[in-house]
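A.B. asks: One structure is given below, represented as structure tokens, and several questions about it will come after.
The values are calculated or read from the model by the stated rules, or taken from the named source; none is laboratory data. These figures come from a predicted structure and were not determined experimentally. Note that we place each Cβ from the backbone using ideal geometry, even for glycine, and neighbour counts take in every protein chain shown. Side chains included, ligands, DNA and RNA excluded: accessible areas come from the protein's heavy atoms. Shrake-Rupley method; radii C 1.70, N 1.55, O 1.52, S 1.80 Å.
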Amino acid sequence: MAPTKYKWAFSFFWINLAVAVVVLVLLATHQISTIRDLMHMLAYALIYANLTGLLGILAIGGVVEKLAVRKGSLVPVVIVGVIVSAALGCLVAQTLLMAVGLVVPRHFWEEYFQTLRVAMPLALVFGLGALIHGSLRERVELMEVRLREKEAAEERAQKLATEARLRALEARIHPHFLFNTLNSISSLIAVNPARAEQIVGRLATLLRASLDNSDQPLIPLRQELAMVESYVDIEKVRFSGKLNGSVNVPAGLQEAKVPPMSVQSLVENAVKHGITPQNDGGEFLIIARAENGNVRIEVRDTGPGFDLSAVPAGHGLDNLVERLDALFGAKARLNVFRRDGYSVVEMVLPRV
């Protein structure tokens with residue numbers, strides 16, 4: 001209700017302001033010499049202007065709103081509407097003035113057409129001006145809405161990214177993972193000290209990466225793959241040669257931007273839920289390609305596969321889906337399917 005009242009008040013404010021400007025111009029050019037002439041001109045102008053404006057708002061307003069929704073052309077409609085409204089408004093005003101005795105019946109049509117010659121150009125100018133003003137105001141409001149939505153999405157994405165990093169850090173210091181990693185290091189110290197030192201460095205890299213990039217919603221794919229490499233290298237020690245993996249990412253996609261911990265989440269899911277349950281270990285593949293302005297990153301594993309809709313809330317993949325939605329909306333998604341004997345999780349996102 002408030003916006004409607006505002007629009008009506010705003011419209012009549014400009015109509016009466018225009019009348020005041022015209023009267024002031026007439027006074028300044030000495031075309032009005034007496035107070036009686038001033039009051040007569042002001043009364044006539046206010047009656048004509050407000051009646052014409054009222055008809056214009058009632059006749060054009062609804063049609064313009066419907067055409068705006070349908071993306072129709074508004075200028076011809078406004079021009080026709082203004083001409084019809086000015087003609088009818090002046091006719092109604094002339095009839096009203098004749099009814100109260102201010103217009104002589106025999107001079108009715110002569111004065112009507114004389115008034116119409118002045119009113120028509122003014123009505124067209126102000127009608128098109130109102131259309132331009134309304135269009136600009138609508139664009140500003142749309143930009144404000146989009147800006148607020150973008151800010152909300154960025155805030156949500158940052159929150160989800162922080163949650164992902166905290167979950168990743170929690171996974172790193174989880175007793176099970178930490179125990180397995182330390183156990184792997186201790187078993188290597190006696191037989192391969194250099195390798196043990198390397199795994200310590202990998203663990204440090206993972207812990208540091210879980211806390212880095214706190215203010216970056218997107219990072220280069222090469223940086224994400226470096227974290228994946230550290231994680232896989234640690235897990236290879238635990239699997240004793242039963243974990244095999246390969247990465248096929250073209251050089252041209254190394255700088256493509258991805259959410260931090262995104263590919264990492266896909267690989268962890270493949271290792272934990274696809275390969276770990278297999279007695280003989282398994283294999284995973286990371287494949288990236290560009291297609292139609294998007295980056296498609298697949299993580300394949302030799303596990304049995306799963307249904308994405310069955311992933312519980314708070315799971316790493318569930319968090320990733322929310323982050324992709326916050327960052328890219330419908331332009332990004334996760335797909336889960338089987339291909340050539342592999343369980344495949346595919347992340348699709350715009351190339352930026």
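A.B. asks: Can you find a residue that is at pLDDT below 65, surrounded by fewer than 12 Cβ atoms within 10 Å (Cβ to Cβ) and in a helix (DSSP H, G or I) anywhere in the range 172-189?
C.D. replies: Among the residues of the range 172-189, at least one is at pLDDT below 65, surrounded by fewer than 12 Cβ atoms within 10 Å (Cβ to Cβ) and in a helix (DSSP H, G or I), which makes the answer yes.
A.B. asks: Being within 26 Å of Val200 (Cβ to Cβ) and at pLDDT 95 or above is true for just one of Ile286, Ile297. Which residue is that?
C.D. replies: Residue meeting the stated conditions: Ile286.
A.B. asks: Any residue in the range 157-170 that is modelled with pLDDT of 75 or more and open to solvent by 40 Å² or more (accessible area, probe 1.4 Å)?
C.D. replies: Checked the range 157-170: no residue is modelled with pLDDT of 75 or more and open to solvent by 40 Å² or more (accessible area, probe 1.4 Å).
A.B. asks: Further question: Here is a check on your reading of the model: is Glu197 more than 25 Å from Glu283 (Cα to Cα), of a type in the set (D, E, K, R) and not in a helix (DSSP H, G or I)?
C.D. replies: no
A.B. asks: Can you pull out the residues in the range 295-338 that are closer than 14 Å to Ser262 by Cβ, in contact with a Lys or Arg (Cβ under 6 Å, 6 or more places away or on another chain) and surrounded by fewer than 17 Cβ atoms within 10 Å (Cβ to Cβ)?
C.D. replies: none
A.B. asks: Same structure again: I'd like to verify a number: residues in the range 252-261 that are in a helix (DSSP H, G or I) and polar (S, T, N, Q), how many?
C.D. replies: First pass over the range 252-261, keeping only residues in a helix (DSSP H, G or I): 252-253.
Among the residues that remain, those that are also polar (S, T, N, Q) are: none.
Of the residues in that region, 0 qualify.
Table: residues versus (1) exposed (fewer than 15 other Cβ atoms within 10 Å of the Cβ); (2) in contact (Cβ under 8 Å) with a residue 60 or more places away in the chain; (3) in contact with a strand residue (DSSP E or B) (Cβ under 7 Å, 6 or more places away or on another chain); (4) not in a helix (DSSP H, G or I).
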site: Gln216; (1), (2), (3), (4): yes, no, no, yes
site: Val263; (1), (2), (3), (4): no, yes, yes, no
site: Val267; (1), (2), (3), (4): no, no, yes, no
site: His273; (1), (2), (3), (4): no, no, no, no
site: Asp280; (1), (2), (3), (4): yes, no, no, yes
site: Phe284; (1), (2), (3), (4): no, no, yes, yes
site: Ile287; (1), (2), (3), (4): no, no, yes, yes
site: Ala290; (1), (2), (3), (4): yes, yes, no, yes
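A.B. asks: Could you tell me whether Asn335 is of a type outside the set (A, V, I, L, M, F, W, C) and part of a helix (DSSP H, G or I)?
C.D. replies: On the way: of a type outside the set (A, V, I, L, M, F, W, C): yes; part of a helix (DSSP H, G or I): no.
For Asn335, the condition - of a type outside the set (A, V, I, L, M, F, W, C) and part of a helix (DSSP H, G or I) - is not met.
A.B. asks: Hey, among the residues in the range 339-352 that are part of a loop (DSSP other than H, G, I, E, B) and under 21 Å from Ile219 (Cα atoms), which one's least open to solvent (accessible area, probe 1.4 Å)?
C.D. replies: Val352
A.B. asks: Is it the case that Phe126 is modelled with pLDDT under 75, surrounded by 14 or more Cβ atoms within 10 Å (Cβ to Cβ) and either at positive phi or within 35 Å of the chain's Cα centre (by Cα) (or both)?
C.D. replies: Numbers: modelled with pLDDT under 75: yes; surrounded by 14 or more Cβ atoms within 10 Å (Cβ to Cβ): yes; either at positive phi or within 35 Å of the chain's Cα centre (by Cα) (or both): yes.
Spelling it out, Phe126 is indeed modelled with pLDDT under 75, surrounded by 14 or more Cβ atoms within 10 Å (Cβ to Cβ) and either at positive phi or within 35 Å of the chain's Cα centre (by Cα) (or both).
A.B. asks: Mind checking which residues of the range 226-261 are open to solvent by 30 Å² or more (accessible area, probe 1.4 Å) and either touching a residue at least 60 places away in the same chain (Cβ under 8 Å) or within 32 Å of the chain's Cα centre (by Cα) (or both)?
C.D. replies: Ala226, Pro250, Ala251, Gly252, Gln254, Glu255, Lys257
A.B. asks: I'd like to check something: does the range 249-269 contain any residue that is polar (S, T, N, Q), farther than 30 Å from Gly341 by Cβ and modelled with pLDDT of 85 or more?
C.D. replies: Looking through the range 249-269, none of the residues is polar (S, T, N, Q), farther than 30 Å from Gly341 by Cβ and modelled with pLDDT of 85 or more.
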